[in-house]
Amino acid sequence: MTNTQPSASRWAWLTNDYTPWANKHVYWLKTPIGILLALAAVALAMGIFVTPQGYVLLLTILAVVGLGVVWPWVGLKGVSCELKFRTRRCCEGEKADVIVEIVNRWPVPVWGLSIENGFFLEDAASDAAVALARIPGWSRCEFVWRFRPLQRGVYPQAPPKIVTEFPFGLWKAKRPVRVQQELTVWPKTYRLSNFPLPQGNHRNNTSSSDQRTGHEGERNGVRPFRQGDSLRTIHWSLTARHGRFIVSERQGSAQTRARIRVDLDHHSHQGFGPDGTFEWAIRIAASIATELVQQHNVVVLDFGTHEEQLTGAQASIHRTMDRLARLTPTQEPATMRRTGNGCDWLVSVVTDLSPSEKHTRRTIVLRSDGFRAAPESSERQPVLASVKPWISVEDHDNAPRQLLSQWATKGREAWCGS
């Protein structure tokens with residue numbers, strides 16, 4: 001059977017933009033107020049050249065435009081708005097209560113209010129976080145809604161505004177919203193398997209080590225008294241036998257020091273939204289750091305430009321996670337130190353776009369082609385294709401499962417062989 005439908009290319013000339021340079025001059029015609037002003041110009045021409053009834057139409061259109069602009073502007077003049085989060089911190093995907101208090105000082109109600117900016121990552125300038133149908137006159141109203149952030153950061157990420165376009169939607173009046181308390185959203189972490197310490201100078205995480213001296217554990221030796229030693233450490237029987245002060249040495253606490261390197265270079269990542277490699281690199285690093293700290297290890301997060309040390313103290317965890325929530329891509333490549341700087345365990349979190357000098361013997365590689373790209377994503381070609389990663393994360397949909405399964409199978413071998 002012969003296909004009688006015309007090809008799409010035959011009629012493509014009907015949709016081509018032949019004068020893109022003129023778009024900025026006529027874009028106002030795409031708005032409702034622009035269409036009404038164009039109609040007003042036509043009505044004026046009708047009144048001058050055709051019939052005086054055109055003036056009636058002109059006045060009607062101008063009255064509608066004036067009412068559509070003045071009403072929302074006057075309505076918001078008597079409205080003030082305050083916003084705060086009920087909690088200071090949460091993780092990605094968790095819900096947080098947002099409390100909004102609106103005061104209407106006019107005796108008449110205000111309709112069609114909404115709060116915009118700062119809550120959504122895509123098209124944040126136009127998406128409304130919450131819409132309110134009516135605020136009574138001379139009233140103070142409080143509303144609560146649940147906000148679920150999909151990406152780490154400090155919210156609201158832009159100054160929010162209360163807006164209205166009532167009654168005709170011709171013009172949007174805006175007023176700033178006062179933010180009393182912000183919300184810090186931590187990166188989402190995943191529960192990883194627990195592994196023993198690397199073999200070396202340490203026996204385990206919580207007990208003392210016979211390879212270190214300190215003030216905990218059992219006695220493991222004696223030595224001559226030194227200035228500053230406590231009198232409680234004097235071994236009196238040996239002191240009486242030798243005629244000089246002899247002190248006892250005890251075991252010191254054993255604690256592993258781990259370093260996690262994260263590549264924050266803007267050009268090393270594909271996508272910077274919730275499903276991009278940049279966010280997943282931070283989530284993976286935070287998951288490893290959280291797991292190691294729960295095992296009473298000291299963790300150093302190395303970002304090339306700066307470091308964050310994480311211990312088991314609650315204040316240290318909050319401080320580090322708050323800073324992780326504020327991390328942004330670096331524009332200049334950072335130099336990664338090749339040594340572990342006294343650390344017992346070292347791992348790198350990079351992408352296949354990262355320079356080869358940023359990988360280590362234990363490298364977690366995120367494959368850029370499996371993550372959601374963005375217009376500002378890197379155009380650098382993969383350079384780690386020939387390097388066999390320790391753990392490979394192929395795409396954002398299966399990233400948690402791939403990380404957990406490979407960590408469980410390869411992590412124990414890596415710990416024991418460090």
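Only loop residues by DSSP count here, and only those with at most 16 other Cβ atoms within 10 Å; note down the chymotrypsin sites (Phe, Trp or Tyr not before Pro) in the stretch 18-57 that meet that. Walk me through the intermediate numbers first.
Details: sites: Y18, W21, Y27, W28, F49, Y55; in loops: Y18.
Those that pass, being in a loop and sparsely packed, are Y18.
Under a 1.4 angstrom probe, counting protein chains only, how are D302, D97, D17 ranked by accessible area, largest first?
D17, D97, D302
What trypsin sites (Lys or Arg not before Pro) in the stretch 9-80 are in a loop by DSSP, with at most 13 other Cβ atoms within 10 Å of the Cβ?
On the way: sites: R10, K24, K30, K77; in loops: R10.
Loop-located and lightly packed - R10.
Please give the solvent-accessible surface of W106 in Å², to the nearest 10, using a probe radius of 1.4 Å with every protein chain present.
90
How would F225, F85 line up by accessible area, probe 1.4 Å, largest first?
F225, F85
H306 accessible area, nearest 10 Å², 1.4 Å probe?
Solvent-accessible area, nearest 10 Å²: 70 Å².
Go ahead and run the numbers for FRET between S356 and A313, Cβ-Cβ distance against an R0 of 25 Å, rounding to 0.05.
Working from the Cβ atoms, E equals 0.10.
Can you give the accessible area per residue of the stretch 40-95, in Å², using a 1.4 Å probe?
Numbers: 3310 Å² over 56 residues.
Using a 1.4 Å probe on heavy atoms only, each residue of the stretch 40-95 averages 59 Å².
Kindly sort W111, W407, W145, W11 by accessible area of their heavy atoms, largest first, with the probe set to 1.4 Å.
Heavy-atom accessible area, descending, gives W11, W111, W145, W407.
Taking loop as defined by DSSP and a crowding limit of 12 other beta carbons within 10 Å, which trypsin sites (Lys or Arg not before Pro) in the stretch 221-276 fit? Mind showing how you got there, number by number?
Numbers: sites: R226, R232, R241, R244, R250, R257, R259, R261; in loops: R226, R244.
Answer in residue order: R226, R244.
Enter the accessible area of V108 (Å², nearest 10), with the probe set to 1.4 Å and all protein chains included.
Rounded to the nearest 10, the figure is 80 Å².
How large, in percent, is the carbon and sulfur part of the accessible surface of the stretch 233-297 at a probe radius of 1.4 Å? Display every interim value, and only then the final one.
On the way: 1080 of 2150 Å².
C and S fraction of accessible area: 50 percent.
The values are calculated or read from the model by the stated rules, or taken from the named source; none is laboratory data. In this text, all values refer to a predicted model and were calculated from it rather than measured experimentally. As a convention, Cβ positions derive from the backbone with ideal geometry for all residues, glycine included, and neighbour counts pool all protein chains shown. In case anyone asks, the SASA skips ligands and DNA or RNA and just uses the protein heavy atoms, side chains included. Shrake-Rupley method; radii C 1.70, N 1.55, O 1.52, S 1.80 Å.
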